[in-house]
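Accompanying notes for the structure given below.
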Amino acid sequence: MKESEEITEEERELIYDWNQRNERRGIDGEIILNDETLRDGLQSPSVRDPTMDEKVEILHLMAGIGIKSADIGYAGASERTRKDVETLAREIVNHRLPIAPNCAARTHPSDIQPVIDISQKVGIPIQAAVFIGSSPIRQYAEGWDLDFLLRATESAITLAKKAGLPVMYVTEDTTRAHPKTLRMLYRTAINYGAENICLADTVGHATPWGVRQLVGFIQRLVKETNPKVVIDWHGHRDRGLDIINTLTAIEAGARRVHACALGIGERVGNTPMDLLMVNLKLLGWWDGNISLLPRYVEAVSRATGVPIPSNYAVFGRDAFRTATGVHASAVIKAKKKKHRWVEDRVYTGVPPSLFGLQNEIEIGPMSGESNVIYWLESRGYFSDPDVVRRITEMAKSSRTILTEDQILSVISDREDIKKQIE
């Protein structure tokens, strides 16, 4: 059920949502999420390549949260990656996972042929995600010209299609490529049978208004050439605009968007799949099972050795914790109204109950007595005024959040306020 459908009219009046006031209504078609964690995400110089068991676990979690498309590896990179791709493809077949696999490949036979071989061996269509640089600076560095790009595009797609593979054609560095070049490359790709064309912000150059201009331009091209072709968006986070750029791409007409768990990927990473899902859910644009997202994020963090920062949105340790007096007071007052919807939103923009969580109130140097009273009473202790005062004074003189042992040390000699389990 979509978040918007759970809101009563009375609750809706409690929040004036500017996000919905100028929202484009009626986005055409389903939004498909393409998970790049097990390929593009592993290009990060700081990650550990997960074991095969860990990759299988992550693949199953993708299916559980509603991922319908995933890059399962770069089969042409090495014999080990080829075996990994084959294993993941078999997992999809054997467990009937509702995920359409794709596999990255340069526009070169040595990259495409392994995808063909695995697809035929396992018995499942694997989309060949063939990529080639498109920007003037990339062409200059590589010594390529447009004729070379067109020939490589034609031969790569022809090889994949002849073997019965679906094709996604990816122009690297699309956001810095010339319109005339993109027009010729994408028209060629579509005419030779590409079902998806992917706009890649390979170096995280784009701004939201640039994304809107680019996707609009490509959307018009697709309508002229073959309206059935799907536009993909692949964003990086070099300027920190990854999520807003992806949302803008969707609004402008992209229907499949790429992301990685925790935003892992080359340099500073890709659009984070987990936070993208949260935003899509709250906007009412997507209806996947986000209750499994904490498990997905934790599994990827454990498998890759990438820690989740305490202040990471939604899934960090501090996402739903507060020790600030004013904030805690508002949450406590909302709790007393016994209205979970209000408690979930009075001091947070993301409802913790969507993930089976709740707001946590701690005691620290910025806390007031209300924090202490709540902490005690929520654990079954009487909030004796003298004890509340002493704990508050301890917190005010501390430089960090008080630990449970520190708090309990204040009441250890007070039998009259000991925890009342019954």
Mean accessible area per residue over the chain (1.4 angstrom probe, all protein chains present, square angstrom) is 47
In the range 340-404, which GluC sites (Glu not before Pro) are in a loop and have at most 13 other Cβ atoms within 10 Å, using DSSP for the loop call?
-> none
So what J values fall out for the range 286-300 if you push phi through Karplus, 6.51 cos²θ - 1.76 cosθ + 1.60 with θ = phi - 60°, rounded to Hz, Gly and Pro as x?
-> 8, 10, x, 8, 6, 5, 8, 4, x, 5, 4, 5, 5, 5, 5
When averaged across all projection directions, what area in nm² does the alpha-carbon convex hull of the range 300-422 cover?
-> 9.2
Whole-Hz Karplus ³J(HN,Hα) for the range 122-136, in order, using 6.51 cos²θ - 1.76 cosθ + 1.60 and θ = phi - 60°, x for Gly and Pro?
-> 8, x, 9, x, 10, 5, 7, 8, 7, 10, 7, x, 10, 7, x
What is the log10 of I(q)/I(0) for the range 147-229, computed with the Debye formula using one identical point scatterer on each Cα and no solvent, at q = 0.18, 0.22, 0.24 Å⁻¹?
-> -0.74, -1.06, -1.21
dims of the range 195-247, Cα set, principal axes, largest to smallest, nearest Å -> 33, 19, 16
In units of 2.2 N^0.38 Å, what is the alpha-carbon radius of gyration of the range 50-186?
-> 1.13
Mean projection area, nm², convex hull over Cα of the range 224-280 = 4.3
For the chain, find the longest principal axis of its Cα atoms and tell me its angle to the long axis of helix 385-396, 0 to 90°, nearest 10.
-> 40
Estimated inter-spin distance, residue 302 and residue 195, nm [label 7 Å along Cα→Cβ] | 3.4
What shape does the range 56-120 have by the C-alpha gyration tensor, where a ≥ b ≥ c are the square roots of the eigenvalues, rounded means a/c under 1.5, and otherwise prolate means a/b greater than b/c and oblate the rest?
-> prolate
In the range 137-196, the GluC sites (Glu not before Pro) that sit in a DSSP loop and have at most 12 other Cβ atoms within 10 Å of their own Cβ are none
Quick one: Karplus J couplings for the range 188-203, per residue in order, coefficients 6.51, -1.76, 1.60, θ = phi - 60°, nearest Hz, x for Gly and Pro?
-> 4, 4, 5, 5, 8, x, 5, 7, 10, 10, 10, 8, 10, 8, 4, 10
The computed P(r) of the range 238-386 puts the percent of Cα pairs beyond 22 Å at 50
Span per principal axis, largest first, for the Cα atoms of the chain (Å) | 84, 46, 40
Positive end of the charge dipole of the chain (Lys, Arg +1 and Asp, Glu -1 on Cβ, about the Cα centre): tell me which of 334, 148, 7 has its Cα farthest that way.
-> 148
Starting from the Cα gyration tensor of the range 167-293, multiply each eigenvalue by 5, take the square root, and state the resulting semi-axes largest first in whole Å.
-> 24, 16, 13
Degrees, to the nearest 10: 146-162 long Cα axis against longest axis of the chain | 80
Using the alpha-carbon atoms, what tilt in degrees (0 to 90, nearest 10) does helix 208-225 show relative to the longest principal axis of the chain?
-> 40
Loop sites in the range 200-294: trypsin sites (Lys or Arg not before Pro), DSSP, at most 15 other Cβ within 10 Å = 228, 239, 267
Over the chain, calculate the relative contact order: mean separation of alpha carbon pairs under 8 Å at least 6 apart, over the residue count, as a percent.
-> 14
Residues whose placed amide H lies under 5 Å from that of residue 172, excluding near-sequence neighbours = 132, 133, 134
The range 358-405: radius of gyration and largest Cα-Cα distance (Dmax), Å = 9.9, 29
Global geometry of the range 274-353, whether rounded, prolate or oblate, following the gyration tensor of its Cα atoms and the 1.5 cut on a/c = oblate
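The values are calculated or read from the model by the stated rules, or taken from the named source; none is laboratory data. What you see is a predicted model; the values in this text were computed from it and never measured. Because the Cβ atoms are built from the backbone with ideal geometry, glycine has one as well, and the counts that use them run over all protein chains shown. Please note that ligands, DNA and RNA were not included when accessible areas were found on the heavy atoms of the full protein model with its side chains. Shrake-Rupley method; radii C 1.70, N 1.55, O 1.52, S 1.80 Å.
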